[in-house]
Every structure is written in C-alpha cells, then in structure tokens.
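Data block below; observations after.
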Amino acid sequence: MNSVIVVGSFNVDHVWRCAELPAVGATIAGQYATGPGGKGFNQAVAAARAGVGTAFVCALGDDAGGALARQLAAADGIGLRAEASDQPTGTAGIYVDARGRNCIVIGAGANGTLGAAHVAADPELLAGARVLLAQLESPVETIEAALALAREAGVATLLNPAPANAPSSIGLLRLADLLTPNETEFAALLNRHVGERVEAEAVAALDGASLHALCRKLLPHGSVVVTLGSVGVFVSHPDEQLRGDAQTHYRVGAESVSASDTTGAGDAFNGALAASLARAPEQPFAAHVRYANRFAALSTERAGAAAAMPRHDEVQERFG
Ligand code: ADP
C-alpha cells in the first residue's frame, strides 16, 4: 500500500563540480556527472528509502530520461504513475562549488504538462494513503487539484513551496496542512502573499515570536516548518492544532555532519517528514521533524540529489 503520494517533477540532472561557480562570460573546468533529480522524484526516493510505501505521480517524455525514471523508480520500489507527455523529460543543469554551494537551471519539459486529469484519473491512488506531498515544479492547477483531492479524501497535505520563484497563490498555500519553505521561499511567499518584507538572509536570525507571527500570517490554520539549512528548522503551529507538541513554536538545531553537497537537502527533509508522518501519525510532530532533520543531514554528506538519499536503517545506525 502507498502511504505517501508524491506529485511532482522528474529531471535528468547534469551536474558540474567546479572550484568556483562560473561568473558571467566565464568558461571554466569542472567534473561532470549525470543522474536523476527533480524535486518530486528526489522527495519520492527519500520517502521510499525512509521505509514507507510511496507512489510518484509525474509526467515523462518518450525518451531516455523517461526510461531512466521508470528504471530508477522500480529500483527504489516506488509505484510510478507517469503521464505520457509529448515534451522531452525534464532536465536540470547544476553547478556545485568546492564549498558545496550550488546554482541550478531547469528545463521543465514534460513536468510542465502534468495535468490535473491525470492526478484525478486513478480513484485508487488516495485509498489508504496518509500523506500527499507536492512541490511547485508542476503546473499550479495540477498541484491545486491534487491537494484538494487529498483534502477531500482525508489525506494530510504537505506542500513544499519550492522553488522560490515558482507561481503560487494564497489559495494554493492554504490547501496545505503543512507548509515547508526554506528561508528563500519563506521570504518570497511573505512578500508576495501577505505583504511582509523580510530578507531571506535575515530569517534564521529572527526571534521565535517574530518568526511564529509571520508563519501564522502566511498559513493561519496550518503548520509551517521553515528549513534553515545548516542552522536547522523552525516549527510553527496554530494554537488550535499543536500536533502533539508542547509548544506552538520551537527550533530544532541541525545535526553536526560533514556536509559536502547540500543539493537536495530540502527534498530529503520533505520526503523523510512525509514518510515519518505516514508511518507513525500518533507521534508528536517534533519527533517527525527530528527524523527529517537527521535524514536530511545525512544526505548532505553525499554527492547528488536522489542518489544521496540515505536509508532508514542508516539514519537509525548513525543517530540511534
Ligand atoms: P533547501 O535544500 O531547500 O535549500 P535547506 O538548505 O534549508 O533546504 O536544508 C533542508 C534541511 O536539510 C535543513 O533544515 C537541515 O535539516 C538539513 N541540512 C541542510 N544543510 C545542512 C548542513 N550543512 N548540516 C546539517 N543539516 C543540514
């Protein structure tokens, strides 16, 4: 049975590791590698490796990238529900510097054609599911339809509002029971949807009460988890739903690891959070956040995005 349904993107990632990120007009040398990616696929791999039944709803081209997606989904035991697209399978060009920082260019291709009808086409999809997880690399109408369907079916909705420059609406955000922006996405959403001007670089340094107040403005009736990279995570709940936690808002510090490539850390966090929530919904929310924080930290010790996702037993071995 699929406890987690991920709706989103698959990309073929083309990754160049360079000493420095290329400047405008520069030609530089780098080490090249290719592999699977896309926020949707990365998060589906994270959820599956975190040990719960996972389905992945996406659109693929009739090409080598599409074949790669099918092969890799099968290898991780992910139930693939792929819509056939007349566009090429999505691609991403990723540059990573010696400090693990990255720049990314996306060619959406098939991801841009994923239709709401495809999500709705399979009435069995949501039966038995506990969490539906989506991002913003698919058409907004499709994400909105998927979240609304999940709500109707009593399935918890987790929206990772990434990337920061993707189109979104306050209506879409409020279909989420849980919203998981990183600092950049949080600042962008506040600016765009509730008229609050906050610099992304300043988010981590804000005091808890201020951060909580901003989260409440953005999502009055849902929980917000702001991921803060190497600083960790900030959690904010509405007064009426603490999800088993003792406080309305709190921080969880990042785990101490030897991070070498943070590409996909947010995806690791989201997939693991969805999996943990689906596995043991009765546990306090803080336990799920702690698990996702550990899972994501481990993913930063390895190169790549989907390929870097650890497994449930590795997380347990490392952190107990
Ligand atoms: P994104 O990849 O979306 O930018 P973040 O950078 O906020 O997301 O990272 C997501 C999560 O991954 C963090 O909240 C944290 O749990 C973990 N993480 C990221 N970078 C590190 C790091 N250097 N050390 C430990 N954990 C990290």
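Only the coordinates and a few stated rules stand behind these numbers; no lab work does. Keep in mind that this is a model prediction, so the values were computed, not measured. Neighbour counts run over all protein chains shown; Cβ positions are idealised from the backbone, glycine included.
Basic side chains Lys and Arg get +1 at the Cβ, acidic Asp and Glu get -1 at the Cβ, and with that the dipole of the stretch 169-313 about its Cα centre reaches some 180 debye. Which shape class applies to the chain: rounded if a/c is under 1.5, otherwise prolate when a/b exceeds b/c and oblate if not, where a ≥ b ≥ c are the square roots of the Cα gyration tensor eigenvalues? Because its axes are fairly even, with a/c under 1.5, the chain counts as rounded.
Rounded to the nearest 20, the Cβ-based charge dipole of the chain about its Cα centre (Lys and Arg +1, Asp and Glu -1) stands at 400 debye. In the stretch 113-167, a dipole from Cβ-located charges (positive for Lys and Arg, negative for Asp and Glu) runs towards its positive end, and of Ala162, Thr113, Val140 it is Ala162 whose Cα lies farthest in that direction. Packing around the peptides 129-135, 34-40, 115-121, 242-248, taken as the average count of other Cβ atoms within 10 Å per residue, puts them in this order, highest first: 129-135, 34-40, 115-121, 242-248. Think of the chain as a dipole: +1 on every Lys or Arg Cβ, -1 on every Asp or Glu Cβ, centred on the Cα centre; then among Thr248, Phe41, His221, Thr248 lies furthest on the positive end. Here the contact order of the chain, divided by its residue count and restricted to Cα pairs under 8 Å and six or more residues apart, works out to 18 percent.
Using alpha carbons only, how many angstrom separate the centre of the stretch 111-188 from the centre of the stretch 33-57? If we compute the Cα centre of each part, the gap is 16 Å. Checking the a/c ratio against 1.5 first, then a/b against b/c, what shape does the Cα gyration tensor give for the stretch 146-289? Rounded shape, in that the Cα axes give a/c under 1.5. Listing Tyr95, Tyr32 from fewest to most neighbouring C-beta atoms within 10 Å gives Tyr32, Tyr95.
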